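Note sheet for the following structure.
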Amino acid sequence: MNDNDNIEFMSDEELREMEKNFGFDICLNDEERQLMQEPIRYWGQKWQEWIRDFYPTEYEILRGNGRYWVIPRIIDKEAAEMRNNLSESYDNAYYHTRPDGSDTLAVIRWETEKGNYIDHQISSNVVYGRTRVDE
């Protein structure tokens, strides 16, 4: 899935309209209000799919209170931070095992292993670890 597929942007006007329809402020703080200006990216979309597919009751609650559109943006932010941190720590721990550029396939395997490790950590700790409706 491309980062640009199914991106949901929300303008200030759309956010105010949504809050008016809900009858309350769906954003808990200014940071969340700012996040609503960002698109829902890959990891946020994964969370939305997961909640919709495996937690139908929570899905309805989250849609009903508006958090269904806030939480994925928080997840995207956390995932980006985690990706940077994990990439740096992985390099610190394992860069000495990275093959030199003379063996392209070995470098590709090393980079793929690193990416898979990071994606797994983000999936299990950020995306699939978030099921509570009170976040």
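Relative contact order of the range 12-127: 28 percent, from C-alpha pairs under 8 Å at least 6 residues apart in sequence.
Summarised as an ellipsoid, the range 71-135 has semi-axes of 30, 10, 8 Å, derived from the eigenvalues of the Cα gyration tensor scaled by 5 and square-rooted, with the largest first. Taking θ as phi - 60° and the Karplus parameters 6.51, -1.76 and 1.60, the scalar couplings of the range 48-56 work out to 4, 4, 5, 4, 4, 7, 10, 9, x Hz in sequence order, x denoting glycine and proline. If R0 equals 22 Å, the separation of the Cβ atoms of Leu28 and Glu49 corresponds to a calculated FRET efficiency of about 0.40. Summarising the label geometry, the points placed 7 Å from Cα in the beta-carbon direction at Asn84 and Ile61 lie 3.3 nm from one another.
Since every read-out is calculated from the coordinates, none of them should be taken as a lab result. Quantities reported herein were computed from a predicted structural model and do not represent experimental measurements. Note that we place each Cβ from the backbone using ideal geometry, even for glycine, and neighbour counts take in every protein chain shown.
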